[in-house]
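The values are calculated or read from the model by the stated rules, or taken from the named source; none is laboratory data. Just so it is clear, the model here is predicted, and its values are computed rather than measured. No Cβ is skipped: glycine too gets one built from the backbone with ideal geometry, and neighbour counts run over all protein chains shown. We work out accessible area using only protein heavy atoms, side chains counted, and drop any ligands, DNA or RNA first. Shrake-Rupley method; radii C 1.70, N 1.55, O 1.52, S 1.80 Å.
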Amino acid sequence: MTGRQARHPLFGQMSRRSMLAGAAAGVVAPMAATALGGGRAAAAVRDRSTPSVRGETKRVTLYAEELPGGLYGYGLEPGKATIPGPVLELWEGDTLEIDLVNNTDRRLSIHPHGVEYDTESDGSPLNDSFNEPGETRTYVWRTRPQSQGPDGFWLPGSAGYWHYHDHALGSDHGTEGIAKGLYGALVVRREGDLLPDRQFTIVFNDMTINNKVAPDLPVLVADLGERVEFIAIGHGSNFHTFHLHAHRWADNRTGYLMGPDDRSRIIDNRDLNPGDSFGFQVIAGDGVGPGAWMYHCHVQSHSETGMNGVFLVRNADGSMPEGAQEAIDRYRQHGGGGH
Ligand SMILES: [Cu+2]
């Protein structure tokens, strides 16, 4: 197996070792728990990646479990559920078979955005597609590359920053399941896409971020110059806007320009409403240097009541930049509100 093959992003960020170990055991584990505070991917993923195998069928077991505080989460191993759930990653053309184990005493399901599936894998009670308490059920998600149809009409591929969530806990719409943490990111990549050094999932869910509010959000950590991927998802019944301090991205599929003539609009703030999702990559601290940079909902009443967190860009050698610890202390004391 070559390094190129090892970069194939099966599920979230995985080191070559964990991917190989997972394959051998028939179990897949993410290299970084991509809930807030996700870790560092193997250095090799900074290179341009080419899918080694196309149209693969991958299988993963997800466990839905109860968490403290009346919350629920998805995890890749029993007892390891997180909010958000693990990042599931595919290349266009891949198929994902998910064995969802329901370890709770509530009816629940998993429903994806952006990919293709039959009614049995819809994850909705409308189609009788859900797990009873204690039940294991298989859901199949398909993806496809861009293609040219009749008359030269181009059809979109599946590539994008998508997401998945419960659609059955408490009601036919999964409103309670989503409110209590059953959601996560789904990334479908296109051949040639750059893979990140670090990856963070940020879900604006009702008036929380990942079911937490400031000052309790974990600090997101990267080193100066690393390629960082943010996956932003909206849930609940409020409108939100996502803002990241001191960094900008292109308002396109990837967040980076495809060449010098790419006319994509450059933004640092974007609507993030229920059911919506987007992702982008930035170079940590590019043009601004290391430091503690805030990210938050820009609906002012939301940022004031706790929808804010810290993106810490350390020095390139991983050491703390001047003033950063003081900034984090202020965040912990004041919830980032600057009172
Ligand atoms: Cu908001």
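Once you order the gyration tensor axes a ≥ b ≥ c over the Cα atoms, which shape class does the range 69-143 get: rounded for a/c under 1.5, otherwise prolate or oblate by comparing a/b with b/c? Write out the running numbers ahead of the final one.
Details: a/c = 2.08, a/b = 1.28, b/c = 1.63.
Cα axes put the range 69-143 in the oblate bin.
Label-point separation (nm) for Asp105 and Glu132, each offset 7 Å from Cα along Cα-to-Cβ?
1.7
What are the ³J(HN,Hα) values, in whole Hz, obtained from phi via the Karplus relation 6.51 cos²θ - 1.76 cosθ + 1.60 with θ = phi - 60°, for each residue of the range 303-310 in sequence order, with x given for Gly and Pro?
Running phi through 6.51 cos²θ - 1.76 cosθ + 1.60 with θ = phi - 60° gives 5, 5, 9, x, 8, 8, x, 10 Hz.
Just report the Cα centroid separation between the range 154-206 and the range 94-121, whole Å.
12
Can you list residues from other chains, or at least 5 along the same chain, whose modelled amide H is less than 5 Å from the amide H of Glu77?
Hits under the 5 Å cutoff: Tyr63.
Sequence gap at least 6, Cα distance under 8 Å: using those rules, report the relative contact order of the range 198-334 to the nearest whole percent. List each step's numbers first, then the result.
Values: 309 pairs, mean separation 44.0, N = 137.
For the range 198-334, the relative contact order is 32 percent.
Provide the solvent-accessible area of Met294, counting protein heavy atoms only and rolling a 1.4 Å probe, rounded to the nearest 10 Å².
60
Would you grab the residues whose amide H sits under 5 Å from the one on Gly174? Only those 5+ places off in sequence or on another chain, please, with H modelled 1.01 Å from N.
Ala168, Leu169
Once the whole set of protein chains is in place, how much accessible area is left on His173, using a 1.4 Å probe, in Å² to the nearest 10?
120
Where does the Debye-calculated log10 I(q)/I(0) of the range 199-339 sit at q = 0.11, 0.19 Å⁻¹, using only Cα point scatterers of equal weight, no solvent?
Once normalised to I(0) and log-transformed, intensities are -0.39, -1.13.
Which residues' amide hydrogens lie under 5 Å from the amide hydrogen of Leu272, considering only partners 5 or more residues apart or on another chain, with H built in the peptide plane?
The list, which skips near neighbours in sequence, is His240, Thr241, Phe242.
Could you work out the per residue convex hull volume over the alpha carbons of the range 60-206, in cubic angstrom? Before the final figure, lay out the partial values.
Details: hull volume 18.0 nm³, N = 147.
Cα convex hull per residue, to the nearest whole number: 122 Å³.
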